[in-house]
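Engineer: Structure incoming, see below.
Read the figures in this text as sums done on the coordinates, not as results from a lab. The structure presented is a predicted model; accordingly, all values stated were derived computationally and were not measured. Here the Cβ positions follow ideal geometry from the backbone for every residue, glycine too, while neighbour counts run over all protein chains shown.
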Amino acid sequence: MAADNLASYGSLARFPDVKRLRVFLDSSVIGFSGDVSDMQFLDRHLTELSIDEAYEDPFCTSVPNGKGHLNAANLHKYLQKLLYKRRNDFDPLWNQLLIAGFDGDSKPYLASVDLRGTSFTSPSLATGFGSALAQPIMRRYAATEEDAAKLSREEAVEIIKECMKVLYYRDARSLDRYSIAVVTKEGVELKQDEQLEKQSWAFAERIKGYGTQTV
């Protein structure tokens, strides 16, 4: 999972160092898009939830699917109920969340939930502009659960990096610095200050409206 580190205020690229990936109990990752203040509220709520989990089960971080542990599938259901309740209270949290990790059977789990409480799972997911620009790239390699299972860790990371590069090229409100997380059964590896590599704007010369044009 990856997300750039930019928080915009309208058209103003205001905050270039906002981390939008959060690790939960060293076994799941939550990615946020949408309103930053609502993201901060959810982040504090998840911190309190993780403390409660640690009190109830001191070994929950070392036994990913232990009794009472909030794995990614359970966490997804919890967040879906939370966002659905806020929507019914006419006080929605203006975010779309992606949750990645493992379910109770130690199988990879990837799911989405939005401000209305609408939730679903898929072999690949994206939010915002990524739904239009990154999903076609990811579906080329992981159209089904079986295709996704065949990918190595290195291949999956390279696909995500390619998606982040395309999004930076095509979205005027994006940043070339991003966070990326890899979830394995051993835990979560999170890097929060990565930079896009091998950038090239040579393709722009073929785009109408870019620079001086000769017809």
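Engineer: Once the Cβ-Cβ distance between residue 199 and residue 8 is put in as r, and R0 is 25 Å, what FRET efficiency do you end up with, to the nearest 0.05?
Structural biologist: Details: r = 21 Å, r/R0 = 0.82.
So the FRET efficiency works out to roughly 0.75.
Engineer: If you line up the long axis of helix 72-88 against the longest principal axis of the chain, both from Cα atoms, how many degrees apart are they, to the nearest 10?
Structural biologist: Helix 72-88 sits roughly 80 degrees off the main axis of the chain.
Engineer: For the stretch 121-174, what is the Kirkwood estimate of the hydrodynamic radius, computed as the reciprocal of the mean inverse distance between distinct Cα atoms, to one decimal in Å? Mind showing how you got there, number by number?
Structural biologist: Details: mean 1/r = 0.0876 Å⁻¹.
Over the stretch 121-174, the inverse of the mean reciprocal pair distance is 11.4 Å.
Engineer: Show me the three semi-axes of the equivalent ellipsoid for the chain, from the C-alpha gyration tensor (sqrt of 5 times each eigenvalue), largest first, rounded to whole Å.
Structural biologist: On the way: eigenvalues 204, 86, 49 Å².
One finds semi-axes of 32, 21, 16 Å for the chain.
Engineer: Also, I was wondering about something else. Between the stretch 19-55 and the stretch 113-163, what is the separation of their alpha carbon centroids in Å?
Structural biologist: 21
Engineer: Let me ask something else about it. Which order do peptides 41-48, 193-200, 19-26 fall in by mean Cβ count within 10 Å, highest first?
Structural biologist: Working: 41-48: 14.1, 193-200: 10.6, 19-26: 20.1.
So the order, starting with the most tightly packed, is 19-26, 41-48, 193-200.
Engineer: Per DSSP H run of at least 4 residues, take -39500 (n - 2.57); add these up for the chain, divide by its residues and hand me the 222 nm value, nearest 500 deg cm²/dmol.
Structural biologist: Details: 6 runs with 73 residues, N = 215.
Helices in the chain give a 222 nm mean residue ellipticity of -10500 deg cm²/dmol.
Engineer: Relative to the first principal axis of the alpha-carbon coordinates of the chain, what is the inclination of helix 153-170, with its axis defined by its Cα atoms, in degrees from 0 to 90 and to the nearest 10?
Structural biologist: For 153-170 against the chain, the angle is about 50 degrees.
Engineer: Given just the C-alpha atoms of the stretch 90-215, how large is their convex hull per residue in cubic angstrom?
Structural biologist: Numbers: hull volume 20.8 nm³, N = 126.
In the stretch 90-215, the Cα hull volume divided by residue count equals 165 Å³.
Engineer: Provide the FRET efficiency to the nearest 0.05 for the residue 51-residue 89 pair, computing r from the beta carbons and using R0 = 22 Å. Numbers along the way, then the final one.
Structural biologist: On the way: r = 25 Å, r/R0 = 1.13.
Plugging the Cβ-Cβ distance into 1/(1 + (r/R0)^6) gives 0.35.
Engineer: Identify all lysines with a Cα-Cα distance to residue 77 below 28 Å; exclude those on the same chain that are fewer than 8 residues away in sequence.
Structural biologist: Residue 77 reaches 19, 67, 85, 107, 150, 185, 191.
Engineer: Size of the dipole of the chain about the Cα centre, Lys and Arg at +1 and Asp and Glu at -1 on the beta carbon, nothing else charged, in debye to 20?
Structural biologist: The calculated dipole for the chain is roughly 720 debye.
Engineer: By how many nm would the segment from residue 152 to residue 139 lengthen if fully extended, with 0.36 nm per residue of separation less the alpha-carbon distance?
Structural biologist: Length gained, residue 152 through residue 139: 3.1 nm.
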